[in-house]
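In what follows, a single structure is set out as structure tokens and then discussed.
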Amino acid sequence: MTADAATRPPYSARVSSPDAVRVWAPGRPVRVADLLRQQRRGAGDPTHRLGVDGRHWRAARTPEGPVSLAVTEPDHDGVVTAQAWGPGADWALDQLPALLGALDDWTGFEPRHPVLAEARRRHPHLRQGRTGLVMEALVPAIVEQRVTGQEAFAGFRHLVRRHGTPAPGPAAALGLMVQPDAATLQRIPSWEWLRLHIDPARSRALVTAARHAAALERAADLSGETLERRLRSLPGIGVWTAAEVRQRALGDPDAVSFGDYHVAKDVGWALERRPFDDAELARYLRPWAGHRGRVPFLILAAGLGRPRRGARMAPREHLPSPSGARPGTRS
């Protein structure tokens, strides 16, 4: 259980000892690294470090302030231990079961296809976690719009490194950072966005979202459809971005990343041995209404996507690098 906040010393006096600890027995197999990897944006994401001294680390900005979270894999009794540092420690530990998939209910999902049935049989404990943090999911999703994965992950990494804040407690020594807050995003000048490899269309969407951050965060307690309506009412946020946020912030099983370069092709290849386009994917997923997102989720987890052949898409070369030198369809 979390430590009693009334008995803890002032935050400035606490450095190495955790501010709060939670011991949780999920009652089912849990793979902490896999669940936290759902929230990580590339291997170099400065908000996550997996597998350090037997713990998996995550830095986040909660409604109560920043937090560093260190979570162990379950021990031989199936018990997960989590430690947290920072003003958001109690909030993060209260949310720990949801982060590790406790709220993900597969009741009503029918595989309907032999490939999905076999994938479900092989991965019976697969769960989708939820963070309850809209802006945490939205900022990198906007950065990832209409660019290669390499460019997207680099842009987010540079943004956090240059404008985020060091994670509380010992996580800072591991290089963990907390995403910049909404006020900081609004203050970043146009030329600085370009140095981060983030073009004007995406930077405008980021600044606009930051202006509405408080209202967007309140939508974390609402349905996925309601959150999507609020997100898509803002310029620069479309169906793909909204789905990416619904998946991570809400753990929404019905959210599908239409417009993604890979998702429709991978689902079509895995189930019908031919790539789909988005229109075909939408029609194909109708029988799974309410659980549509589970189909690509299962296919990805089982590694059933189409073979990757040919040259990778090259990064764009019209943006300056973060140092000022030149570097070598979705919203």
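The values are calculated or read from the model by the stated rules, or taken from the named source; none is laboratory data. Note that the structure is a prediction, hence the values are computed from the model and not measured. Because the Cβ atoms are built from the backbone with ideal geometry, glycine has one as well, and the counts that use them run over all protein chains shown.
Worth pointing out:
- Hits in segment 18-33 - residues which are surrounded by 15 or more Cβ atoms within 10 Å (Cβ to Cβ) and either among the aliphatic types (A, V, I, L, M) or more than 14 Å from Ala98 (Cα to Cα) (or both): Pro18, Asp19, Ala20, Val21, Val30, Val32
- Any hit, segment 128-150, residues being in contact with a Pro (Cβ under 6 Å, 6 or more places away or on another chain) and in the same structural domain as Arg286 (by TED's automatic domain parsing): yes
- Qualifying residue in segment 186-193 (condition: of a type in the set (A, V, I, L, M, F, W, C) and in a helix (DSSP H, G or I)): yes
- In summary, helices (runs of 4 or more DSSP H) completely within segment 68-155 and bearing 1 or more residues that are closer than 20 Å to Leu250 by Cα and touching a strand residue (DSSP E or B) at 6+ places or on another chain (Cβ under 9 Å) occur at 89-94, 96-99, 134-143.
- Looking only at segment 223-239, and only at residues there that are of a type outside the set (Val, Ile, Thr) and in contact with a Lys or Arg (Cβ under 8 Å, 6 or more places away or on another chain), the one that is surrounded by the most Cβ atoms within 10 Å (Cβ to Cβ): Leu227
- Residue count for segment 49-67, restricted to those that are over 22 Å from Ala210 (Cβ atoms), of a type outside the set (Lys, Arg) and either in contact with a Pro (Cβ under 7 Å, 6 or more places away or on another chain) or in a strand (DSSP E or B) (or both): 5
- Selection status of Gly155, touching a His at 6+ places or on another chain (Cβ under 6 Å) and surrounded by 20 or more Cβ atoms within 10 Å (Cβ to Cβ): yes
- Test: Ala242 is surrounded by fewer than 17 Cβ atoms within 10 Å (Cβ to Cβ) and either within 25 Å of Arg146 (Cβ to Cβ) or modelled with pLDDT of 95 or more (or both): no
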